[in-house]
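Some notes on the structure that comes next.
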Amino acid sequence: MPRRAQTRRRVMAQTAMVMNLDKCIGCHTCSVTCKQAWTNRPGVEYVWFNNVETRPGQGYPRRYEDQEKWRGGWELNKRGRLTLKAGGRVSKLLNIFSNPRLPALDDYYEPWTYDYETLTNAPLQEHTPVARPKSLITGKDINITWSANWDDDLGGSPDHGDKDVILANIADQVKLEFEQTFMFYLPRICEHCLNPSCVASCPSGAIYKRTEDGIVLVDQDRCRGWRMCVSGCPYKKIYFNHRTGKAEKCTFCYPRVEVGLPTVCAETCVGRLRYIGLVLYDPDQVLQAATTPKDTDLYEAQRAVFLDPDDPRVIADAEHSGIPRDWIQAAQRSPVHALINTYRVALPLHPEYRTLPMVWYIPPLSPVVDQVRTTGYDAEDRGNLFAAVEALRIPIDYLAQLFTAGDPAPVDAVLRRLAAMRSYMRDINLGREPDPAIPASVGMGEEQMYDMYRLLALAKYDERYVIPPAHAEQAHSLEELATECSLDYEDGPGMGGSGPFGDASGTPTPIAVENYRLLRERQTADTPATPHAETTRVNLLNWDGKGHPPGLFPTSAPPTDNTEPNPEKSRRDDRDR
Amino acid sequence: MNPHAATPADTGALDSLLWVVLPYLALVAFVAGHAWRYRYDKFGWTTRSSQLYENRLLRIGSPLFHFGILFVVLGHIGGLVIPKSWTETVGVSEHTYHLAAVTLGTVAGVATLAGLAILIYRRRTVGAVFHATTRNDKLMYAVLALTLALGLAATVDSNIVGGGYDYRTTISPWFRSVFSFDPDPALMSGAPPLFRLHALSALLLFGIWPFTRLVHMLTAPVGYLTRPYIVYRSRDPQLSARAPRRGWERT
């Protein structure tokens, strides 16, 4: 019998990420590739859509977690209603001429470059010339004193550890012990929250959450540079481009995600610690979850917003909400959903900000294992590991401050599950009879534990990244086959010229969408891929080394009769033909 | 139509140029310029805030200037747009109006000019801010400062130093006559020089307005007060660089 219409629930899909902190070695490859892809431009020199912090540490920008100072995110007012911590609409407009909570450039760092030209054009002198650092803000000489990860690897040291916001919440005695225990890395991107406070803070309404995939983006044409989003985001993941006067943020690499590719940070992650997948959720429960009275209940409240993609009722509701069939299937295969809700090993970053963040973390167990190993005991024995998780209250308290608003119980449960997996798999790897009591002791079945192990340890590319492509139904033109208008290549006559304000203004040229097939075709083609035209630019990254595209070499002067032919040149010409 | 209207013979060619041709040129530049800028340069339509570079001086100067200029604008609407007969009908005598206008106008004008002075000082002395200042900005600051200074000087000169000048019988009708497309330049020819210079510099300011960073005024985010906090938007229907051609729409 068909259900009545009013029992239908709205379902939305959210592209989300889980990072396994056990595997992060702090190599910053994600930060560097992200920067090369997105913020390698003037005005955003100091901007790191992706950064890797050493914990304990100050983070980037410095001490961004101190919400008593920055007033980011949401809070409950006296009547228990959800309000922006920095003040509502009227207060935002009254403060619009000077945002009292905007981080200064000093809270980030002053970007610089080096005067490399001196190295080549300095006159002969006794001492080797040096390339002096020059500020990219003022153009003057600067002394470099800080940068995006200046306290990298210095986590527990007395010089920097005491500046950690979270450590201030834990007792002094714990601090001292903490310095001797461990340090780990925390890669951070925009959380693409379900209840984003940056969106709520934007006076222009330029920041929006996409209904299809939940990615939070800034409309560069509507942003007026009021800067309220920068202070509104508790994670400080919206940055102000000081050249264009517009806000910019992590885009979840939407041009890649739309065609089914993982983000650049995930693609290039050396430790393969990032998982991307869909989560189905009920948008009408978001406000209620964000209004949960106790901070420590927010983790469970947010999990309750997520829907089980295998539940037939959820599937029916999702289809009714217009979610395509392949997206529902992707949600069923989603590693993110599995890690958050099935195995329950992923936790949200700072749920107490009440934004319902959607980049979750598997807390690190390795420091605990190392600690046991140094005592000489078997570090993968279940009894030893469980006892260690129990004994090492300090890291658990610290992790709880990060991931569960201070409640150690969920962190303890996650670490026990991870510890149990290690012990259980160890028996299998050594050819011993696996002990079903181990998964049972953490409330899991043997098969489930093995599946979790597969996902955490062995998952291949297509299991770590389950990303359904966007339904634009323009696959044909994305393939860049030669059946479209032949003038529609970049800078071609079919694209129209630049506007009267030049290239940087007007409707921006969309980011070229590259896919693997295209790259493969270019790499294996017999002919150069660049179309022949007068205004061709040569992209050496795409040049396959065959032939030479026009413009790569300077055109040789027309031969004249009365000059000797250059033997070097004619040999080259022969080889070309 | 207008009781003060003079015959065309009374007005010289210069008056016609200054008080008929120039206002319409400024008006056209203002309207068409904004339309053009909005069409071609949405990306450049921003406050270009420099708060990231420097906060201490901005914290004082910017609110002082902006709130000041908001009151100045309100005062101009009261003085130029609302006819004298209306205020007298509701029982506001010339003396009362004059007192209020001069007091509030002077306070707001001084606050605005002081704020602008702080902002210009900041712009010149803070290296990062000066580094980010374009020639366009410098021109805009010059014209803006000139207009504000002339306006404040005109008020102070005629009302506080002098015996008082009732601009609501000359300048205001001229201002309204421009918008009723029946411009009367003769009304302006009798106004004190400072008022006329103030009006001329204001015309220049409105002429260059759409091409400067002042455009952010037109998009003051008042809609924020009524919109829901979380904005949802559908993905752009097209992925490619061009809109699909007719007959080739996606299925």
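Just so it is clear, none of the values below were taken in a lab; they were calculated from the coordinates. Just so it is clear, the structure is predicted and the values come from calculations on it, not from any experiment. Glycine gets a Cβ as well: all are built from the backbone with ideal geometry, and neighbour counts include every protein chain shown.
Give the average over all directions of the projected area of the C-alpha convex hull of segment B:127-227, one decimal, in nm².
So the mean shadow area of the Cα hull is 10.1 nm².
Quick one: net charge of A:Leu84's neighbours, Cβ under 9 Å, K/R +1, D/E -1?
+3
What list do you get for A:Met425, A:Met12, A:Met358 if you sort them by fewest beta carbons within 10 Å?
A:Met425, A:Met12, A:Met358
Taking R0 as 51 Å, what's the FRET efficiency between A:Gln125 and A:Lys460 from their Cβ-Cβ distance, rounded to 0.05?
Step by step, r from the Cβ atoms, then E = 0.35.
Could you sort A:102-110, A:433-441, A:348-356 so that the peptide with the highest average Cβ count within 10 Å comes first and the rest follow in order?
Top to bottom by mean Cβ count within 10 Å: A:348-356, A:102-110, A:433-441.
Would you calculate the volume per residue, in Å³, of the smallest convex hull containing every Cα atom of segment B:12-225?
Measuring per residue, one finds 150 Å³ for the Cα hull of segment B:12-225.
Scaled to the compact-protein estimate 2.2 N^0.38 Å, what is the alpha-carbon radius of gyration of segment A:306-414, rounded to two decimal places?
Scaled against compact globular proteins, the figure is 1.38.
Return the FRET efficiency for the residue pair A:Phe553, A:Glu117: r is the Cβ-Cβ distance, R0 is 30 Å, and the value is rounded to the nearest 0.05.
It comes out at approximately 0.65.
Rg to Rh ratio, segment B:52-139, alpha-carbon atoms and Kirkwood radius?
Over the Cα atoms of segment B:52-139, Rg/Rh equals 1.18.
In percent, what relative contact order does segment A:25-159 have, based on Cα pairs under 8 Å that are 6 or more apart in sequence?
26
Along segment A:281-288, what does the Karplus equation 6.51 cos²θ - 1.76 cosθ + 1.60 (θ = phi - 60°) give for ³J(HN,Hα), rounded to whole Hz, x for Gly and Pro?
Calculated HN-Hα couplings, in order: 9, 9, x, 7, 9, 5, 4, 4 Hz.
If contacts are Cα pairs under 8 angstrom and at least 6 residues apart, what is the relative contact order of chain B in percent?
33
Any chance you could list P(r) for segment A:249-329, counting all Cα-Cα pairs in 5 angstrom bins from zero, rounded to whole %?
Result, from short to long distances: 3, 12, 17, 15, 18, 20, 12, 4 percent.
Could you point to the residue in B:Pro63, B:Ala153, B:Thr133 farthest towards the positive end of chain B's charge dipole, with +1 and -1 charges on the Cβ of Lys/Arg and Asp/Glu respectively?
B:Thr133
Need one value for A:239-250: mean number of C-beta atoms belonging to other chains within 10 Å of its residues' C-beta atoms.
That works out to 3 on average.
Could you compute the FRET efficiency for B:Leu225 and A:Ala409, with r as their C-beta to C-beta distance and R0 at 41 Å, rounded to 0.05?
About 0.45, to the nearest 0.05.
When you look at the Cβ of every residue in A:219-231, what mean number of other chain Cβ atoms sits within 10 Å?
If you average over the peptide's residues, the count of other-chain Cβ atoms is 4.
Please state, rounded to one decimal and in Å, the Kirkwood hydrodynamic radius that segment A:39-101 gives when every pair of distinct Cα atoms enters the mean of 1/r.
14.4
Just going by the charge dipole of segment B:12-225, with Lys and Arg at +1 and Asp and Glu at -1 on Cβ, which of B:Ala191, B:Gly33, B:Leu119 is farthest out on the positive end?
Of the options given, the answer is B:Leu119.
Going highest first, how would you order B:172-185, A:334-347 by mean Cβ packing within 10 Å?
A:334-347, B:172-185
Between beta-carbons, use under 10 Å as the cut-off and find the net charge around A:Leu399, counting Lys and Arg +1, Asp and Glu -1.
So the environment of A:Leu399 carries a net charge of -1.
What whole-number volume per residue, in cubic angstrom, does the convex hull of the C-alpha atoms of segment A:312-367 give?
112
Take every Cα-Cα pair in segment A:274-464 and report what % of them are more than 21 Å apart.
56
Given the alpha-carbon gyration tensor of segment A:1-132, what are the semi-axes of its equivalent ellipsoid in whole angstrom, ordered largest first, with each equal to the square root of 5 times an eigenvalue?
Calculated on Cα positions only, the semi-axes equal 45, 24, 16 Å.
What does the helix-only formula give at 222 nm for chain B: each DSSP H stretch with n ≥ 4 adding -39500 (n - 2.57), the total divided by the residues, and the result rounded to the nearest 500 deg cm²/dmol?
Theoretical 222 nm ellipticity from helices: -17500 deg cm²/dmol.
Taking only Cα atoms, what is the 0 to 90° angle, nearest 10, from helix B:135-155's long axis to the longest principal axis of chain B?
30
Can you give the direction-averaged projected area of the convex hull of the alpha-carbon atoms in segment A:176-244, in nm²?
For segment A:176-244, averaging the hull's shadow over all directions gives 6.9 nm².
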